[in-house]
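See below for the structure under consideration.
The values are calculated or read from the model by the stated rules, or taken from the named source; none is laboratory data. Just so we're clear, the structure is a prediction, and the values are computed from it rather than from any experiment. Cβ: placed from backbone, ideal geometry, glycine included. Neighbour counts: every protein chain shown. Ligands, DNA and RNA are excluded from the accessible area calculation, which covers all protein heavy atoms including side chains. Shrake-Rupley method; radii C 1.70, N 1.55, O 1.52, S 1.80 Å.
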Amino acid sequence: LGQVIRADTGSVSVADTIRGLVIDNDGKPLAYGGFSNSAFYIDLESNTKKTISGFPPFYRAVRTSNSLYIVSYDTNTVFFFRKDSSKYWRFRFPNTLRDIDVAYEDVGKKIYLLAWSSTSLYIAKLNENLGLLLAKSLPISTSYARIDAKSRFVAVGYRTSSATGVLLLDTVLDTVRHFQINSLNSLSGVRLYGGK
C-alpha cells in the first residue's frame, strides 16, 4: 500500500552497516550486514539481533527451498552461513576477491555463486546443500558484476575498464553466449526474463 507500517532502529548501532534485506523461509523479514570483523542479522519482526564475532560482514543472502544462507567473504574465501545455525561452509579462490553475488534457480534447485578478482570471474554451481557441482573461471578483469538464474539459463552482467557485457550460460547445452554492450553504459544489475 506504500505505507511504512513500522520503523525500528532499536537493534542497530551507529557502527552497523546494513548490506541488504531478505525474507526468510518462514516469511520473516531480516536485515543483514556487519561491521569491522563481525557479521549480524536482525529479525525485524521480533527486533532481535544475532552477531557472529570474528566473521566477515554479510554481503548477500540466498533463500533456497529449505534454507536461508547469508553470504560473506574475506580476502580469498567465501562463507555461506545458515540462518538459525552455527554451521557454515567455505569456498576458497586462488586470487584476492573484489566482491561476490549469489542467485538461486528454483526449478533445478541450484545456487549460483559469482565471485571476481582483478583477473578473473568465477562462477560456481552448487546444490541446495552447498555441494559443488561445477566451477568455471573466466579471464575477465571486472570491477563490478551481477548474476541471475532462471530455469536452464544463468546471466552474468559485468563491467570492465573498457566494456560492459553480459554472459548467458545455458546449463543444459553447456554453452556461453557473450553480448558486448556500449562501453559508455553502466551496469547496476542483470535479470533473466523468459530466457532472455
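Assorted remarks:
- Residue 16 without any contact (Cβ under 8 Å) to a residue 60 or more places away in the chain and open to solvent by 70 Å² or more (accessible area, probe 1.4 Å): no
- Restricted to the stretch 72-112, and to residues there that are without any contact (Cβ under 8 Å) to a residue 40 or more places away in the chain and among the aliphatic types (A, V, I, L, M), the residue that is nearest to residue 126 (Cα to Cα) is 78.
- Residue check, residue 19 out of contact with any helix residue (DSSP H, G or I) (no Cβ under 6 Å at 6 or more places or on another chain) and within 24 Å of residue 133 (Cβ to Cβ): no
- Within the stretch 50-63, being open to solvent by 40 Å² or more (accessible area, probe 1.4 Å) and not in a strand (DSSP E or B) holds for one residue alone: 54.
- Residue that is nearest to residue 98 (Cα to Cα) [pool: residues in the stretch 143-159 that are small (Gly, Ala, Ser) and in a strand (DSSP E or B)]: 145
- Qualifying residue in the stretch 155-170 (condition: in contact (Cβ under 8 Å) with a residue 40 or more places away in the chain and either of a type in the set (Lys, Arg) or touching a Leu at 6+ places or on another chain (Cβ under 7 Å) (or both)): yes
- Selected residue (criterion: surrounded by the most Cβ atoms within 10 Å (Cβ to Cβ)) from residues of the stretch 64-104 that are of a type in the set (D, E, K, R) and within 16 Å of residue 135 (Cα to Cα): 101
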